[in-house]
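Below: one structure, written as structure tokens.
None of the figures in this text is laboratory data; all of them are computed from the coordinates on show. These numbers come from a predicted model, not from an experiment. Positions of Cβ are backbone-derived with ideal geometry, glycine not excepted, and every protein chain shown enters the neighbour counts.
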Amino acid sequence: MDVLDNNRPISVGDTISIRILEDRRDALQQVVAVTGEVQAPYVGLVNARGKTCRDLAFTIKRELEKNFFQNATVVIAD
């Protein structure tokens, strides 16, 4: 997850790909809503606006590890 983009912030209208490796499903394509949120698998709405792909991945990872996975690997691509 450390190799994810940590330079460009996510903006409203961006299409991002969210993949949880432990889930073994295909990546989920999400458009960042006008509210700045995206629907993350298992977690629900997460604020993405202004975060980098790496920041968002670690935010989702923390939430997943609270209730769903012991260790979660989240890949976010813009």
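See the values below:
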read-out: Residue-averaged 222 nm ellipticity for the chain, from DSSP H runs of 4+ at -39500 (n - 2.57), nearest 500; value: -6500 deg cm²/dmol
read-out: With Cα atoms, 0 to 90° folded angle of helix 53-67 axis to the chain main axis; value: 40
read-out: Dipole magnitude (debye, nearest 20) for the stretch 15-77, charges at Cβ of Lys, Arg, Asp, Glu; value: 100
read-out: Within a Gaussian network of the chain (alpha carbon springs, distance under 10 Å), most fluctuating of 59, 15, 35; value: 35
read-out: Diffusion coefficient, µm² s⁻¹, Stokes-Einstein with Kirkwood Rh over alpha-carbon pairs of the chain at 25 °C and 0.890 mPa s; value: 201
